[in-house]
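Report on the following structure.
The values are calculated or read from the model by the stated rules, or taken from the named source; none is laboratory data. Bear in mind that the values here come from a model prediction, so they are computed numbers and not experimental data. No Cβ is skipped: glycine too gets one built from the backbone with ideal geometry, and neighbour counts run over all protein chains shown. Side chains included, ligands, DNA and RNA excluded: accessible areas come from the protein's heavy atoms. Shrake-Rupley method; radii C 1.70, N 1.55, O 1.52, S 1.80 Å.
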Amino acid sequence: MGDSPYRGPQGKPRDKRERERDRQARPPGERGDGVRRPTARDHAVAEADADALRAYSDAPRPPREQRIHGLNACLALFAKRPADLRKVWLLESRIPALKAVLAHCVAHRIGYTVVGDEDLHKLSGSAHHEGVVFGAVPAAEANLSDWLRTLPPGPQLAIWLDGVGNPHNLGAILRSAAHFGAAGLLLPKESPLALSGAAARVAEGGAEQVPMVRLGRADNSLAQLASAGFVAVATVVRGGQPLYGSALPPRLLLMMGAEQAGVDPQLAQASTLRLAIPGSGAVESLNVAAATAVFLGEWWRQRRA
């Protein structure tokens with residue numbers, strides 16, 4: 001009787017042995033032992049979910065939004081890339097200066113809001129908002145190969161920032177770079193430095209005029225720049241030739257280091273020239289943004305003299 005399908009009189013409770021035999025006879029996903037085993041349908045659903053996740057991972061993400069403040073910075077952004085504008089907040093007193101921006105917002109259904117000074121302070125994180133804040137898609141950083149490919153022949157100046165981290169210094173350097181016609185600002189791969197609202201405001205529109213280029217490995221980047229005709233010049237506080245009286249190369253790769261630390265010794269060693277700005281000696285050196293402006297001005301003078 002051990003294998004007999006007979007289970008006793010109808011309605012009679014089955015003993016423990018019979019209940020266990022029935023449980024084992026069920027499909028694996030329906031045994032009711034407290035552990036739900038995956039069925040073929042479960043596997044199919046899981047595979048479909050994995051496909052959906054892969055498709056989501058590969059899909060382009062909507063661009064994040066960046067807050068830019070300062071009148072000249074915002075007007076320069078609008079003039080250069082109006083399609084990247086997403087939102088405008090402004091003081092009522094700024095309406096006359098931003099008429100073209102507001103007309104663009106109306107035409108393209110972009111939200112704009114007249115707010116108070118305190119609101120702009122919160123939106124920008126700064127008391128120096130100058131009456132306007134834009135929400136916009138951040139400008140894309142170029143890679144070195146693409147940037148070099150589009151660079152015109154002839155005299156060019158590129159600024160390599162080694163260890164510089166202060167956004168206000170970045171903004172001041174971008175302003176000087178735009179004024180003296182620098183072709184690009186080069187940022188090391190590991191550098192956290194990037195354009196921020198504070199940097200854009202200090203740049204006074206220069207952030208929209210000077211491409212920011214993200215480098216790869218330092219040795220590869222130096223080799224690429226050298227192949228494109230750039231001559232590396234490192235700025236040093238001590239032991240360098242005086243800037244004035246030194247002939248600067250037409251295609252100049254100017255390496256500027258962080259204050260106190262200066263340019264990395266290996267980068268300085270790899271440079272063709274090591275130059276210093278002569279002065280009274282009352283202070284050890286200039287602020288990195290001020291020093292950059294001095295070098296850019298001298299390069300401009302030599303090219304235009």
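Consider the range 210-243 and keep the residues that are part of a loop (DSSP other than H, G, I, E, B) and farther than 14 Å from Ala158 by Cβ. The one that is most open to solvent (accessible area, probe 1.4 Å) is Arg238.
Condition check for Gly165 on (1) in a loop (DSSP other than H, G, I, E, B); (2) surrounded by 18 or more Cβ atoms within 10 Å (Cβ to Cβ): one failure, at (2).
Among the residues of the range 62-98, those that are open to solvent by 20 Å² or more (accessible area, probe 1.4 Å), under 16 Å from Ser124 (Cβ atoms), touching a strand residue (DSSP E or B) at 6+ places or on another chain (Cβ under 9 Å) and not in a strand (DSSP E or B) comprise Glu65, Leu71, Leu75, Leu91, Arg94. Annotation: Asp146 fulfils all but one of (1) more than 19 Å from Asp84 (Cα to Cα); (2) open to solvent by 50 Å² or more (accessible area, probe 1.4 Å); (3) in contact with a Lys or Arg (Cβ under 6 Å, 6 or more places away or on another chain); the unmet one is (3). Number of residues in the range 108-126 that are within 14 Å of Phe78 (Cα to Cα) and surrounded by fewer than 16 Cβ atoms within 10 Å (Cβ to Cβ): the value is 1.
Looking across the range 272-289, just one residue is part of a helix (DSSP H, G or I) and in contact with an Asp or Glu (Cβ under 9 Å, 6 or more places away or on another chain), and that is Val288. Checking each residue in the range 244-281 for being open to solvent by less than 90 Å² (accessible area, probe 1.4 Å) and among the polar types (S, T, N, Q) picks out Ser246, Ser271. Here Thr292, Thr235 are screened, and the one residue that is under 29 Å from Val132 (Cβ atoms), touching a residue at least 60 places away in the same chain (Cβ under 8 Å) and among the hydroxyl-bearing types (Ser, Thr, Tyr) is Thr292. Within the range 197-212, the presence of a residue that is more than 30 Å from His69 (Cα to Cα), of a type outside the set (Ser, Thr, Tyr) and modelled with pLDDT of 95 or more is excluded. For Arg201, the stated conditions do not hold, so it cannot be described as more than 21 Å from Trp299 (Cα to Cα), surrounded by fewer than 22 Cβ atoms within 10 Å (Cβ to Cβ) and under 19 Å from the mean Cα position of the chain (by Cα). On inspection, Trp147 passes the criterion of being within 30 Å of Ala290 (Cα to Cα), assigned to a helix (DSSP H, G or I) and not charged (D, E, K, R). Please enumerate the residues belonging to the range 75-96 that are among the hydrophobic types (A, V, I, L, M, F, W, C) and within 29 Å of the chain's Cα centre (by Cα). Leu75, Ala76, Leu77, Phe78, Ala79, Ala83, Leu85, Val88, Trp89, Leu90, Leu91, listed by residue number.
Scan the range 96-136 residue by residue and report those that are of a type in the set (A, V, I, L, M) and closer than 22 Å to His168 by Cα. Spell out the reasoning first.
Residues of the range 96-136 that are of a type in the set (A, V, I, L, M), as a first pass: 97-98, 100-103, 106-107, 110, 114-115, 120, 123, 127, 132-133, 136.
The answer is Leu120, Leu123, Ala127, Val132, Val133, Ala136.
Condition (residue is in a helix (DSSP H, G or I), small (Gly, Ala, Ser) and touching a residue at least 24 places away in the same chain (Cβ under 8 Å)) applied to the range 182-198: is it met by at least one residue? Yes, that holds for at least one residue. Would a scan of the range 100-123 turn up a residue that is among the hydrophobic types (A, V, I, L, M, F, W, C), in contact (Cβ under 8 Å) with a residue 40 or more places away in the chain and in contact with a helix residue (DSSP H, G or I) (Cβ under 9 Å, 6 or more places away or on another chain)? No, because not a single residue in the range 100-123 is among the hydrophobic types (A, V, I, L, M, F, W, C), in contact (Cβ under 8 Å) with a residue 40 or more places away in the chain and in contact with a helix residue (DSSP H, G or I) (Cβ under 9 Å, 6 or more places away or on another chain).
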